[in-house]
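For reference, the structure is listed below as structure tokens.
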Amino acid sequence: MKNTIKIATAVSAVLVSSTAFGVAGLDRLVFSPSFLFEEGNYAELTFARADPTVRTTFAPSANIADEVDTLKFAYKHQINDKFGIGFMANTQPVGVDVNYNVIGSALRGSISAKSYIALGHYKATEKISAFGGLNYQRRKANADLTPNGAPGNTFIATDSDTGFIVGAAYSIPKIALRASLTYESDLEFSHKTTNSNPAVNNGFSLGGNTTSGSPEALTLELQSGIAENTLLFGSVRRSKWSDSQVSLLGTTQLSNFDDTTVYKLGVGRKFSDSFSASVTLNYEPSNGVPSSPFSPQDGERGIALGGKFTSKDGLMTSIGIQYRELGDTVTTASSGSLPFKDNHVVTVGVKFAKSFK
């Protein structure tokens, strides 16, 4: 099996983690340490666009969710045989873009964020390695929270926090086997909040800041060659979103996120020196409780198809498409409950990558 390729999730990772809005809380593009294990110096640039169809059964022709673009850059520099450093910048680690105006409600919300991650990777032996570093994130939002008793435009100013990422991996390069376990600490934000309505803003000035967060998360990623030029890979990610709610002025909870577990399983195959392909399935079980109006879904299941083209100079171009079926749900808000059914997201993406040995 010595010719088994190390596709890992590189072929399909363009799309697998990219979401239209907060699946698993507010997650859009989650962290993976896979770029740290590429040979030599390595750089990648990923762009994805998600086109959601999210409609309530009360207005089946009105889409409340907007298109979302994500951009991610990652670079690894191999200092010596034992130690490397990595950097990752992500324009959409978390976010929300929903607008209920199309169904006659004033409720709308937009949360945007940027993250910057710096890591060190130490290879203790050929099989055992460890990595860790800092995760810095900035976040801001704006909304119309009239149904929550705050008419007018609400501006939630930028705040930032820094957490940490640690992990370890076990590898057998001969058969392309790798298992990595990554822990991400939680992040907490406290946003100065103002409102365009003077009467509301005067009340805001007497209250506290709006709070939000990103949860602690644990991710297990696995891959192994199962035949010549064929790789099986998958992951399990557990996020404690129940501890990272959005609270207006620290008193009015705007979300009701639950802890989530997301499963992925895929297979990749190399067909020639210049082309390989993969298929990936993902699944998040439903929890059977009402959803936040800013994340109107209860679980999901999906499939992603990817192709990777490698040029003679070593430039790798991955292209893929993913279809995700969003779980039916009912949201709860001060304006009443809304049922959501038969919704989906289509995502397309491209990634450019190259190793510099």
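The values are calculated or read from the model by the stated rules, or taken from the named source; none is laboratory data. No experiment lies behind these values; they were computed from the predicted model shown. Ideal geometry is used to build each Cβ from the backbone, glycine not excepted, and the neighbour counts take in all protein chains shown.
Some observations on this one:
- Test: residue in the range 82-97 that is farther than 30 Å from H121 by Cβ and within 22 Å of the chain's Cα centre (by Cα): yes
- Reported count of residues in the range 24-81, each being hydrophobic (A, V, I, L, M, F, W, C), surrounded by fewer than 17 Cβ atoms within 10 Å (Cβ to Cβ) and in a loop (DSSP other than H, G, I, E, B), is 4.
- Flag for V236 being modelled with pLDDT of 90 or more and over 30 Å from T154 (Cα atoms): yes
- First in the range 200-215 and under 23 Å from R138 (Cα atoms), second anywhere and of a type in the set (K, R) and surrounded by 21 or more Cβ atoms within 10 Å (Cβ to Cβ), Cβ under 7 Å, 6 or more apart: S212/R139
- In a residue-by-residue description of the range 172-184, the property of being closer than 26 Å to D97 by Cα and surrounded by 15 or more Cβ atoms within 10 Å (Cβ to Cβ) applies to at least one position.
- Considering the range 210-257, the residues that are among the charged types (D, E, K, R) and within 16 Å of the chain's Cα centre (by Cα) include one that is farthest from T146 (Cα to Cα), namely E221.
- Consider the range 164-199 and keep the residues that are part of a helix (DSSP H, G or I) and not hydrophobic (A, V, I, L, M, F, W, C). The one that is farthest from the chain's Cα centre (by Cα) is P198.
- Members of the range 257-286 that are over 26 Å from L315 (Cβ atoms), part of a loop (DSSP other than H, G, I, E, B) and out of contact with any helix residue (DSSP H, G or I) (no Cβ under 9 Å at 6 or more places or on another chain): P285, S286
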